[in-house]
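Working notes, beginning with the structure itself.
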Amino acid sequence: MAYPGSKGWYVKQLKNMGINIHPTEMRRLELYKTSTLRNLYLDQINKTKNK
């Protein structure tokens with residue numbers, strides 16, 4: 001179980017959205033810091049809200 005806001009939680013949420021690798025650097029999500037994953041997650045949330 002991953003706590004909301006933890007690195008594991010962000011990785012799990014992004015993978016549920018269909019994102020398994022970083023869109024620009026093409027590396028696995030597990031290699032990134034929590035802050036990078038958070039920004040990627042928030043970008044994806046904003047994209048879905050604007051549609």
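Rundown of residues vs (1) surrounded by fewer than 16 Cβ atoms within 10 Å (Cβ to Cβ); (2) among the β-branched types (Val, Ile, Thr), yes/no style:
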site	(1), (2)
Met1	yes, no
Gly8	yes, no
Val11	no, yes
Leu14	no, no
Asn20	yes, no
Thr24	yes, yes
Thr34	yes, yes
Asp43	yes, no
Lys47	yes, no
Quiz item: When both residues are 6+ apart or on different chains and their Cβ atoms are under 8 Å apart, which pairs have a first residue that lies in the stretch 1-24 and is part of a loop (DSSP other than H, G, I, E, B) and aromatic (Phe, Trp, Tyr), and a second that is modelled with pLDDT of 95 or more and surrounded by 12 or more Cβ atoms within 10 Å (Cβ to Cβ)?
Solution: Tyr3/Trp9
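The values are calculated or read from the model by the stated rules, or taken from the named source; none is laboratory data. Note that the structure is predicted; figures quoted are calculated from it, not measured. Every residue, glycine as well, gets a Cβ built from its backbone with ideal geometry; the counts of neighbours run over all protein chains shown.
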